[in-house]
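Chemist: Structure incoming, see below.
The values are calculated or read from the model by the stated rules, or taken from the named source; none is laboratory data. Bear in mind that the values here come from a model prediction, so they are computed numbers and not experimental data. We place every Cβ from the backbone using ideal geometry, glycine too, and count neighbours over all the protein chains shown.
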Amino acid sequence: MFDSGFGGLSVARALIDLCPQEHVVYVGDTGRYPYGPRPLSEVRAFATQIARWLVDEHDVKLVVVACNTASAAALDSLRGTLSVPVVGVIEPGVRAMAKATRNRRVGVIGTVGTISSGAYQRATEALTVPLELTCAACPGFVEFVERGETRSDQVAVLSERLLAPVRDAGIDTLLLGCTHYPFLARTIADVMGRDVVLVSSADETAFEVRAILAAEGVGRAPGHDGDLRAYSSGDLSWFRSVGSRLFGGELGEIGRLAWPEPPPAPAHETGPARDVASG
């Protein structure tokens, strides 16, 4: 499982709660964070590099792209090149949004890169039930979450401004299209009002992973103890501090990753240098 930083830990938390017997390897690419403002071609290269490392170095049986921007940029290409199933967070989130809506007017908020990619728009159009979709990019939300400012006056003012398009569209369901955004749920709910249902893709993604593992016959039997191994390409102290707070528990040992720059082409990719710092 990987993300540009910490938000994907919400997906890791949901998966560990649902399938505690599974081993989870989490990569937070904080050395190249954030992905949202980067060109999608660059994000695709990063995602390919990390996913191949997970398969080659850890022999994972499934890859979760726990990042909306990376899902938008790279999910199709990863599914076409990797030898294991690949799960993103966009399709599960859209399905959960479609189940929750009552008036069929829905909204999605995400990073600039995710919204401009059109991934949520395409996923919504592919549904059998037509929905009226309003999207809004929310630059700045990720940074507030990672500073721990989820209830400050500043984030409240920013939320009022950025959420105005989806609130004014009369939606009844809002999909939080970034894995950081559930940590702002109370502030977002205050702005949107009590009649709007907030949907996070983390739980739905965890259910999809469990279903795929069962269908492929590779899930571990309940009763075994799984573990979490976390890696970061940035400052390990920062990752441990912020990550443990958002994950809701200590992350333990954090492995350090040092990616070659720029990312090599897929046919010539090599693994990163690695060492481990005590947690």
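Chemist: So which residues in segment 20-61 are acidic (Asp, Glu) and either more than 10 Å from SER4 (Cβ to Cβ) or not in a loop (DSSP other than H, G, I, E, B) (or both)?
Modeler: GLU22, GLU42, ASP56, GLU57, ASP59
Chemist: Run down GLY223, GLY217, GLY249, GLY279 and say which single residue is at pLDDT 90 or above and of a type in the set (Gly, Ala, Ser).
Modeler: GLY217 is the lone residue from the list that is at pLDDT 90 or above and of a type in the set (Gly, Ala, Ser).
Chemist: Hey, could you check segment 92-123 for residues that are over 19 Å from ILE171 (Cα atoms) and in contact (Cβ under 8 Å) with a residue 60 or more places away in the chain and say which is surrounded by the fewest Cβ atoms within 10 Å (Cβ to Cβ)?
Modeler: Going through the qualifying residues, I end up with VAL112.
Chemist: Of the numbered conditions (1) at pLDDT 80 or above; (2) exposed (fewer than 13 other Cβ atoms within 10 Å of the Cβ); (3) of a type in the set (D, E, K, R); (4) under 21 Å from TYR35 (Cβ atoms), ASP235 fails exactly one; give the number of that condition.
Modeler: ASP235 satisfies all of (1) at pLDDT 80 or above; (2) exposed (fewer than 13 other Cβ atoms within 10 Å of the Cβ); (3) of a type in the set (D, E, K, R); (4) under 21 Å from TYR35 (Cβ atoms) except (2).
Chemist: Could I ask something else about it? Going by the structure shown, is ALA74 over 27 Å from GLU250 (Cα atoms), of a type in the set (Gly, Ala, Ser) and not assigned by TED's automatic domain parsing to the domain that holds CYS138?
Modeler: yes
Chemist: Can you name the residue in segment 164-176 that is assigned to a loop (DSSP other than H, G, I, E, B) and among the hydrophobic types (A, V, I, L, M, F, W, C) and is also nearest to SER241 (Cα to Cα) among such residues?
Modeler: The selected residue is ILE171.
Chemist: Restricting to segment 79-110, give me the number of residues that are under 17 Å from MET192 (Cβ atoms) and in contact with a helix residue (DSSP H, G or I) (Cβ under 7 Å, 6 or more places away or on another chain).
Modeler: Of the residues in that region, 7 qualify.
Chemist: A further question follows. Just to be sure, is THR179 of a type in the set (Ser, Thr, Tyr), within 21 Å of the chain's Cα centre (by Cα) and assigned to a loop (DSSP other than H, G, I, E, B)?
Modeler: Numbers: of a type in the set (Ser, Thr, Tyr): yes; within 21 Å of the chain's Cα centre (by Cα): yes; assigned to a loop (DSSP other than H, G, I, E, B): yes.
Yes, satisfied.
Chemist: Right, VAL199: in a strand (DSSP E or B) and within 22 Å of the chain's Cα centre (by Cα) or not?
Modeler: yes
Chemist: Ok, one more. With respect to THR69, determine if the residue is under 18 Å from PHE183 (Cα atoms) and among the β-branched types (Val, Ile, Thr). Steps first, answer last, please.
Modeler: Details: under 18 Å from PHE183 (Cα atoms): yes; among the β-branched types (Val, Ile, Thr): yes.
Criteria met by THR69.
Chemist: Could you identify the single residue in SER77, SER71 that is among the polar types (S, T, N, Q), in contact with a strand residue (DSSP E or B) (Cβ under 7 Å, 6 or more places away or on another chain) and part of a helix (DSSP H, G or I)?
Modeler: Every option except SER71 fails the conditions.
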